[in-house]
Structures are given as C-alpha cells and as structure tokens.
Amino acid sequence: TEARPRVPRHRHTMRILAPAAFLLALHAPCALAACATSSEPWRGVLYDIDQKITLEEGPSGGSTYVPFADGAGVHLYADANLVAEADDNSFSSHTAVHEYIHLLQQAMLAGEITNTTVGPVPLKATSTSADRFKCINKCGVPAVFCEKSPEVLEALPDTMKLLDRTTYVIWYPHSEDGNEPCTDTDAKKVEILEEVYGSTCANGKVITPDFMRNENHLVAEGDAEYWALKLVDDTNVFSLFDGAAYWEGKIRDGKEGCSIPGDAKFDVKSGSGAHVDAVIEAYEDAGAPRCADNPIGEIAYQFFLDWCVENNIACTQAEQFNVWTQARLLGWCGAFEATYGKTWGEYVCAMEAADAYDVDTGCVAADVPCIACSGAGCVGAASEDSDDNAAPPA
C-alpha cells in the first residue's frame, strides 16, 4: 500500500453561517465587552470550533468565514506520528493553503474581494493581529506543524494575499493513536474565538446567505486542492514534499474510488452542492463511500485542466479567481463562459464523453443544468439556465 494516505486527508467543511446567523450579524460591538456567543454569528462560530476541538466531526479540516470580520480561521489536525518531512508529508501545510483558498472563494462570492490583481492587500486597522498569517496551538500539537503552515502561507505569491485581516491556522490533535486529546476544551474554544475575532467580536456585516448559492462545489474542491499543492511546491519551503506527485496519486485514488472510467453515477450536472451530494449518495448506496466530495471535485478538475490544454484555453489561477468574483454578478455559468469562452455544459459533456471518464457519451451541453445566480448582485443571470435545486453546503 502507498504511504501517502497517512497524511491526514480532510473531507472539507467550508463553514458558512446559517441563515439566521447572517441576518443577525452586526456591524457593531458585541454587548458586555465580550463576544456575544449566545447569539449569531458568534454562537455558530463557537459551535464550529467546539466541533473541531472535541473531534465531534472527526478529524475533518475546514474553514470558518464571517464576512467583513477582523480575522479568519482555518482548522487543521496534526498527527504527532508524522513529524518528519517526506515526499508525502508537508505537515498538512498544503491543507492550510487549501482551506485558505476556500476563504478566498467565499470572500469573492460575498463581494468582499472584487479585485484579484491588487495583492498584497494591506491589513485593516482592526485586524486582530499585525501578522497576515498566524498559528494557534492551544492543544499542544508538535511545534513543527505550527512553524511550517505560516511559513508556507507567507511564501505564497502576492496575488494570493487578498484578505484584509489575519488568517489564523488553528491546530487540533488528530484522532490517531499516539495523539493526546485536547484538554480544557470549553475554555480553549472561547480563547480561540476571541484571538481570531477579537475580545468583543466587534465586526461582521449583515449579509444574506444567498451569496453561497453561487458556489460551484465541484470546482471549489478541485480548485483548492490542485492550486494548494502546486503553490506549496512553488514556495520551495520543503526539500522532500512533492505536491505534483501527491496530486497525481490523489487522481489515481479518486478514479479508483469512483470507478472511473465507466460509471454513470458520476453525473455532476451543475456542480452545485446538491448535485455533488446526489453523486455521493449514489456511490454510498452502491457501497462505494470512497467516492466523496473531495475526490469527485479533484478528478473533475483534472479533466478541466486537460480540457483547457486541449482547447488552448488559459486556465491559470487568475482566470479561476475571475470566475469566482464574477459568479455573484453573472451566475456561475455566465462567469464560466465569459472567462473561458465555452459553456459549463460543453465542459461537463466533454468530460462525460472522454475515454478516460466514459460517464455518458450522449450528454448534450445545452441540457446540462446551471446554478442560478442568487443575490442582489446578479445582473446577468438567465432564468432558463437556472438550477432551482442548487443549494449552499451545510
């Protein structure tokens, strides 16, 4: 068996606030000079930290995004058994970049980031730290994890430094044998909340959850993992870790887990959270739970990259960022076509018909559903192209 899976692989949980959280988020100081954790959005954020620090969700990394707040957080798990660099061990630094990319995706969909050519964006005066990236290690994980993740994030190109507040990499002990569980978690989760967002959680903005309906969950996962691994390689922080080989291994594993080529269940449709969940459920019902959201997004993104080369389309991260920023205005399909010159349906059908995927040779591009543009920013959504079942991730 390959050693690669020993590196913690996280089923991504891109945490957004529940509808009530958005409606109650305030652009004013919380009461009583402390974070108002009895109300949203901070109740939801504290709950999210609790789920991570107590391993209630299992060792599943994620990101917590509060629009226009004074800090942002990504959650990772450190395995104390893996403290030596190897070609398959970046101390989960690539996962830190993956989750950071998810923060950027959400900020673009929310309209918080509208220009992706201006990095590094200065940190605002209310940022909870003067450092762009900072580590939180309340649970005593091995120091190397806390050292390497900020080093890698700091080494990213300026085009990636688009948030105006500190991003915290928050570490928790893994559940594998050899790791000591975190103690005194009730106190520590509050400490984490206040370190990231400030002792009063002063800032956050009223915003409806509609903006996350513009997310293409299929692309979100593949985009984040591919570019995270490529960017980590480009930083030259590691001498042994090989992000390109790691990606290739994930594609091999993903295709095996999803029985690609030749499985009609791999019908991604619009790429919405609902449609990706339907694919996952179809594989689970067939006794193939390995075909989960991350592998689905990754093998679909590999085809996207190959398709771009075949069609002489520029598909750099700059173009991908352009799709994320424009989706809130044009809808995902409008932004995709405006950026790449081809429709979402053309991409999906090319993938389904390709010999290396062989999902559905009868796919018709015009019949592939699209995610409806949602929110006050929409100016070019076409209702006949909409997917009324698209929904934000849980």
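The values are calculated or read from the model by the stated rules, or taken from the named source; none is laboratory data. Given the structure is predicted, the values throughout are model-derived calculations rather than measurements. Cβ sites come from the backbone with ideal geometry, for glycine too, and all protein chains shown count toward neighbours. Heavy atoms of the whole protein, side chains included, go into the accessibility calculation; ligands, DNA and RNA do not. Shrake-Rupley method; radii C 1.70, N 1.55, O 1.52, S 1.80 Å.
Observations
- Accessible surface area normalised per residue over the chain is 39 Å², counting heavy atoms of protein chains with a 1.4 Å rolling probe.
- For segment 93-100, 3J(HN,Hα) per residue [Karplus equation, 6.51 cos²θ - 1.76 cosθ + 1.60, θ = phi - 60°, Hz, x = Gly/Pro]: 4, 5, 6, 4, 5, 3, 5, 5
- Here LYS161 is the anchor, and the aspartates and glutamates within straight C-alpha reach of less than 15 Å, apart from those fewer than 8 places off in the same chain, are GLU99, GLU112, ASP131, GLU151.
- Extension gain, ASP277 to THR183: 0.36 nm times the residue separation minus the Cα-Cα distance gives 30.4 nm.
- Legend: calculated FRET efficiency, VAL190 to ALA244, from the Cβ-Cβ distance at R0 = 35 Å, rounded to 0.05, equals 0.30.
- Per-residue ³J(HN,Hα) for segment 77-82, Karplus 6.51 cos²θ - 1.76 cosθ + 1.60, θ = phi - 60°, Hz, x for Gly and Pro: 10, 9, 9, 5, 7, 10
- Segment 121-202, relative contact order in percent, only Cα pairs under 8 angstrom and at least six apart counted: 38 percent
- Trypsin sites (Lys or Arg not before Pro) within segment 253-351: DSSP coil, no more than 14 neighbouring Cβ in 10 Å: ARG290
- The phi torsions of segment 294-299, fed into the Karplus equation with coefficients 6.51, -1.76 and 1.60 and a -60° offset, translate into couplings of 5, x, 4, x, 5, 6 Hz, rounded to whole numbers, with Gly and Pro shown as x.
- DSSP beta bridges in the chain [antiparallel fraction, %, rounded to 5]: 20 percent
- Close amide H contacts of TYR172 (hydrogens built in the peptide plane, cut-off under 5 Å, sequence separation of 5 or more or a different chain): LEU76, TYR77, ALA78.
- The dipole here belongs to segment 238-394: it is taken about the Cα centre, uses +1 on the Cβ of Lys and Arg and -1 on the Cβ of Asp and Glu, and is about 460 debye.
- Of the cross-linked pairs LYS205/LYS342; LYS148/LYS250; LYS148/LYS269; LYS148/LYS205; LYS52/LYS250, those separated by over 30 Å at the C-alpha level are LYS205/LYS342; LYS148/LYS269; LYS148/LYS205.
- Centroid-to-centroid separation of segment 65-85 and segment 141-191 [C-alpha atoms, Å]: 4 Å
- Between amide H atoms placed 1.01 Å from N, distances below 5 Å from ALA86 occur with PHE241, all of them 5 or more places distant or on a separate chain.
- Part-to-part distance (alpha-carbon centres) for segment 301-357 and segment 229-276, which is given in Å: 16 Å
- For segment 212-357, the share of accessible area belonging to carbon and sulfur comes to 47 percent (1.4 Å probe, ligands and nucleic acids excluded).
- The share of accessible area on segment 64-140 that comes from carbon and sulfur is 49 percent, using a 1.4 angstrom probe.
- Across the chain, the relative contact order, built from alpha-carbon pairs under 8 Å that are at least six residues apart, equals 19 percent.
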